[in-house]
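Please treat every number below as a calculation from the coordinates, not as lab data. Every value quoted in this text rests on a predicted model; they were computed, and no experiment measured them. Positions of Cβ are backbone-derived with ideal geometry, glycine not excepted, and every protein chain shown enters the neighbour counts.
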Amino acid sequence: MNSKENQPKIEVVIGSSFKLINDTKNKVSIYTGTGFVSLNKGSSTSIGCNVGKEVCWASKGKKGKVIFKITSKQCGKTIKLSTVL
């Protein structure tokens, strides 16, 4: 007897990401939840939409203070760093 009713439902968003733009006046280093990235003023990076992962400040390859947690509402969007600070 193989019942799928009691199986936990897992939601995985595959191939989805969002764009984070450094619109601050400084170069910043961040941890994206999967790796470290340095962003010059005005530059951007694409971050995988891993809901629940934390985007943190970074310094010399170490995670720092949490900037924000990734939510499903951010997927497919462009986010300005200044709006999540």
>> As an exercise, identify the trypsin sites (Lys or Arg not before Pro) in the range 53-85 lying in DSSP coil whose Cβ has no more than 16 other Cβ atoms within 10 Å.
In response: K53, K60, K77
> Once you list every other residue whose beta carbon is under 15 Å from the beta carbon of I79, what net charge do they have if Lys and Arg are +1 and Asp and Glu are -1?
Replying inline: +4
> Can you give the convex hull volume of the alpha carbon atoms of the range 17-73 per residue, in Å³?
Replying inline: 73 Å³
